[in-house]
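What follows is one structure encoded as structure tokens, with my remarks underneath.
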Amino acid sequence: MYGYGGKILRVNLTDGSIRTEATPADLARHYLGGRGFGAYFTFHEIPAGADPLGADNRLIVSAGPTSGLLIPGAGKLDISCKSPLTGGYAGSNVGGMFSAEMKYAGFDSIIVTGAAAQPVYLYLANDRVEIRPARELWGCGCFDTEAALKKSLGEEFQTLVIGPAGENLVKYACIGSDYGRQAGRGGVGAVMGSKRLKAIAVRGDRSVPVADLGAYREQSKAMFAACKASPALGAWQRYGTSGVTTWANEIAAFPTRHFRGGFLEEHATLSGEVMREKIVVTDKGCCGCPSPCGKWSHVRRYGVRVEGPEYETTALLGGDCALTDIEDVAYANYLCDDLGLDTISAGATVAFAMECFEKGILTEKDTGGVKLEFGNPRALFTLLERIARREGLGDTLAEGVRRSTQVFGERSNDFAVEVKGMEQSGYETHRAPSMLLAYMTCDVGAHHNRAWAITYDLKVGRDLVTADKAAAVISLQHIRPLMDALGCCRLQWVELSLDLRHYAPILAAITGLDRSWEDLLQISERIWNLTRLYWFRAVEGFGREADYPPKRFTTEPAVGGATAGKLTAWDDAMRLLDWYYEQRGWDTNGRPMPAKLRDLGL
Ligand code: SF4
């Protein structure tokens with residue numbers, strides 16, 4: 001099959017069975033790969049009542065049809081499962097080299113089920129697949145685990161690993177790869193930990209078959225040339241995502257003191273420019289990337305090296321916790337990456353705890369003597385360690401914000417900033433209706449990457465609440481996740497204005513299947529609706545209320561900056577949701593209607 005590794009690998013860690021099957025051509029036609037495969041297998045194979053941390057859950061690792069080929073940013077991997085954080089669908093994306101390597105070994109998806117009795121890792125080298133003991137790696141941080149595997153197997157092996165947070169089933173534990181890339185959101189690392197699967201190491205040396213080599217080379221060259229010619233390339237490569245920190249603060253979208261506002265007075269100390277000057281050593285990119293956004297930093301004060309911090313990390317570990325020194329933020333970033341914590345949920349959860357401390361809901365008795373004040377880097381570092389090891393207060397916070405409110409009491413629920421149980425990522429949404437709707441309706445919880453709609457708010461006016469905003473969110477929710485199904489990065493389109501019209505012809509050249517851009521968007525819509533159906537099946541009572549915004553943005557006016565004193569009226573949030581459902585072909589409870597499912601072939 002052109003464009004694919006050709007095999008699905010299935011591993012059952014309970015009984016040790018391993019089998020491979022051919023990648024179904026129909027599956028590729030209807031779901032492309034990557035996130036599409038992840039959504040399909042999640043819906044069809046994870047039982048409705050499965051415990052996310054039980055043997056029935058599946059860890060589904062999928063490459064896309066572009067993975068391993070010369071296409072800008074074709075180094076993205078999807079990891080799907082039932083989320084231990086939200087109880088619904090988790091689809092987490094990680095860049096680096098793993099997706100290319102698994103394609104070279106011939107795998108489109110690796111599906112792990114069951115749970116091993118003792119710690120193990122999965123060894124894949126072309127057709128050779130083994131479950132190997134990993135007792136000596138258990139307890140190690142992500143960096144040491146990767147280094148040990150590469151030392152014993154060879155540098156050419158690419159790895160997915162978990163740290164202590166994944167082992168200890170922290171609900172927002174991540175999976176690390178390539179010394180600093182993470183599948184961060186939804187607790188995919190905890191699912192791996194629940195299976196006592198410390199790592200997956202893969203090596204392959206096969207070619208990916210391409211249907212029309214001439215057309216593929218022509219399109220590929222055109223795409224790289226367009227990226228190189230982009231006037232935005234220089235700044236993007238110099239600062240990566242940290243280049244938006246100052247902009248986000250200026251428009252009051254930079255989460256500050258637990259989302260009470262979007263403006264941090266001392267933001268200049270966290271800017272991309274300061275970061276580049278003070279700590280960045282070199283640039284680092286995913287497989288085949290012409291515009292590497294990764295920044296490899298040396299944090300001299302703490303004697304560590306880390307990839308980052310990228311914008312989201314600075315927003316949540318920095319602004320949201322009111323840290324104002326880039327070296328402190330970078331060290332917190334290092335701790336999260338090594339312990340295996342999602343920097344977004346970890347930062348948001350500690351910021352939530354800081355507000356509880358400020359309001360007297362938590363005291364020093366609860367924190368074990370830690371002065372859990374905003375702006376206290378030592379308190380943040382201590383909490384991150386305790387969360388990963390589930391010590392003291394860390395054991396509660398390891399469950400995430402929503403479950404912590406059940407322990408801390410009703411008062412804390414008023415300022416919990418999460419949707420569907422997932423902590424909100426790095427955009428403050430008191431007065432950004434499109435972005436707020438994007439968080440409300442995102443298919444994994446309050447995550448930004450499905451629809452970065454704040455630019456639409458700025459373009460048409462952020463005070464406006466119109467049906468067009470729902471349309472803009474839906475459109476983005478089809479384009480951006482489509483990239484995750486193809487296996488490539490969206491940032492060349494977003495940041496370098498790479499023309500979307502390149503994608504259908506190059507996919508046709510690779511796979512031999514002639515599909516228009518509109519066909520591809522319909523596949524993306526199919527995936528979106530399938531994951532929505534999964535939520536209804538997996539979460540009892542799921543419906544409209546699950547899409548409600550965090551109370552804070554509709555009840556407490558923003559503090560500081562350009563949006564000071566503003567909020568989004570509850571009725572406006574509900575109008576947006578009504579328009580969104582209507583335009584999607586869903587009923588008023590947010591369930592896809594039969595006609596829509598028929599249209600999509602579901
Ligand atoms: Fe990876 Fe960044 Fe390049 Fe995207 S832009 S492929 S995330 S390095």
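The values are calculated or read from the model by the stated rules, or taken from the named source; none is laboratory data. Because the structure is a prediction, the values reported are computed rather than measured. Note that we place each Cβ from the backbone using ideal geometry, even for glycine, and neighbour counts take in every protein chain shown. In case anyone asks, the SASA skips ligands and DNA or RNA and just uses the protein heavy atoms, side chains included. Shrake-Rupley method; radii C 1.70, N 1.55, O 1.52, S 1.80 Å.
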- Task: State whether one or more residues within the range 253-273 are within 16 Å of the ligand (Cβ to nearest atom), in a helix (DSSP H, G or I), under 22 Å from the mean Cα position of the chain (by Cα) and closer than 24 Å to Gly176 by Cα.
- Result: yes
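Return yes when Ala147 is more than 21 Å from Pro309 (Cβ to Cβ), in a loop (DSSP other than H, G, I, E, B) and among the aliphatic types (A, V, I, L, M) and no when it is not.
Numbers: more than 21 Å from Pro309 (Cβ to Cβ): yes; in a loop (DSSP other than H, G, I, E, B): no; among the aliphatic types (A, V, I, L, M): yes.
Here the answer is no, as Ala147 does not meet what is asked.
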- Query: Name the pairs whose Cβ atoms lie under 6 Å apart, with the first residue in the range 362-378 and assigned by TED's automatic domain parsing to the domain that holds Glu391 and closer than 17 Å to Gly347 by Cβ, the second modelled with pLDDT of 95 or more and open to solvent by 60 Å² or more (accessible area, probe 1.4 Å), and 6 or more positions between them or separate chains?
  - Reply: Phe374/Arg257
- Item | Only listed residue being surrounded by fewer than 15 Cβ atoms within 10 Å (Cβ to Cβ), within 25 Å of Ser297 (Cβ to Cβ), at pLDDT 95 or above and among the small types (Gly, Ala, Ser), chosen from Ala232, Ala225, Ala268, Ala253 | Ala232
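Quick check on Thr14: is it part of a loop (DSSP other than H, G, I, E, B), outside the structural domain of Ala348 (by TED's automatic domain parsing), more than 16 Å from the ligand (Cβ to nearest atom) and of a type in the set (S, T, N, Q)?
Answer is yes for this residue.
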- Message: Show me the helices (runs of 4 or more DSSP H) entirely contained within the range 433-520 in which 2 or more residues are of a type outside the set (S, T, N, Q) and more than 20 Å from Val419 (Cβ to Cβ).
- Response: 454-460, 467-486, 491-496, 503-511
- Task: Looking at (1) within 16 Å of the ligand (Cβ to nearest atom); (2) touching a Leu at 6+ places or on another chain (Cβ under 8 Å); (3) in contact (Cβ under 8 Å) with a residue 40 or more places away in the chain, find the lone condition where Trp493 falls short.
- Result: (3)
- Message: Could you go through the range 411-420 and let me know if any residue there is in a loop (DSSP other than H, G, I, E, B), at positive phi, of a type outside the set (Val, Ile, Thr) and buried (at least 24 other Cβ atoms within 10 Å of the Cβ).
- Response: yes
- Mind listing whichever residues of the range 214-258 are free of Cβ contacts under 8 Å to residues at least 60 places away in the same chain and either touching a His at 6+ places or on another chain (Cβ under 8 Å) or among the aliphatic types (A, V, I, L, M) (or both)? Ala225, Ala229, Ala235, Thr246
- Item | Conditions (1) buried (at least 23 other Cβ atoms within 10 Å of the Cβ); (2) part of a loop (DSSP other than H, G, I, E, B): number failed by Glu155 | (1)
- Task: Return yes when Tyr104 is surrounded by fewer than 24 Cβ atoms within 10 Å (Cβ to Cβ) and in contact with a Gly (Cβ under 6 Å, 6 or more places away or on another chain) and no when it is not.
- Result: yes
- Matching residues, the range 520-554, being among the hydroxyl-bearing types (Ser, Thr, Tyr) and under 19 Å from the mean Cα position of the chain (by Cα): Ser524, Thr531, Tyr534
- Task: Test each condition in (1) modelled with pLDDT of 95 or more; (2) open to solvent by less than 30 Å² (accessible area, probe 1.4 Å); (3) closer than 18 Å to His448 by Cβ for Val280 and report the one that comes out false.
- Result: (3)
- Item | Single condition Ser177 does not satisfy, out of (1) within 16 Å of the ligand (Cβ to nearest atom); (2) open to solvent by 10 Å² or more (accessible area, probe 1.4 Å) | (2)
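Looking at Ala190, Ala199, Ala165, which one is part of a strand (DSSP E or B), open to solvent by less than 10 Å² (accessible area, probe 1.4 Å) and not hydroxyl-bearing (Ser, Thr, Tyr)?
Ala199
With respect to Thr511, is the statement that it is away from the ligand (no atom under 16 Å from the Cβ) and in contact with an Asp or Glu (Cβ under 6 Å, 6 or more places away or on another chain) true? Steps first, please.
On the way: away from the ligand (no atom under 16 Å from the Cβ): yes; in contact with an Asp or Glu (Cβ under 6 Å, 6 or more places away or on another chain): no.
No, not satisfied.
Is one or more of the residues making up the range 456-478 closer than 22 Å to Thr313 by Cα, open to solvent by 10 Å² or more (accessible area, probe 1.4 Å) and assigned by TED's automatic domain parsing to the domain that holds Pro549? Step through it out loud before you land on a result.
As a first pass, look at the range 456-478 and keep what is closer than 22 Å to Thr313 by Cα: none.
Within the range 456-478, none of the residues are closer than 22 Å to Thr313 by Cα, open to solvent by 10 Å² or more (accessible area, probe 1.4 Å) and assigned by TED's automatic domain parsing to the domain that holds Pro549.
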- Counting only residues in the range 340-361 that are more than 21 Å from Gly180 (Cα to Cα) and open to solvent by 10 Å² or more (accessible area, probe 1.4 Å), the one farthest from the chain's Cα centre (by Cα) is identified as Gly360
- Lone unmet requirement of (1) outside any helix (DSSP H, G or I); (2) under 30 Å from Leu602 (Cα atoms); (3) β-branched (Val, Ile, Thr) for Ile523: (1)
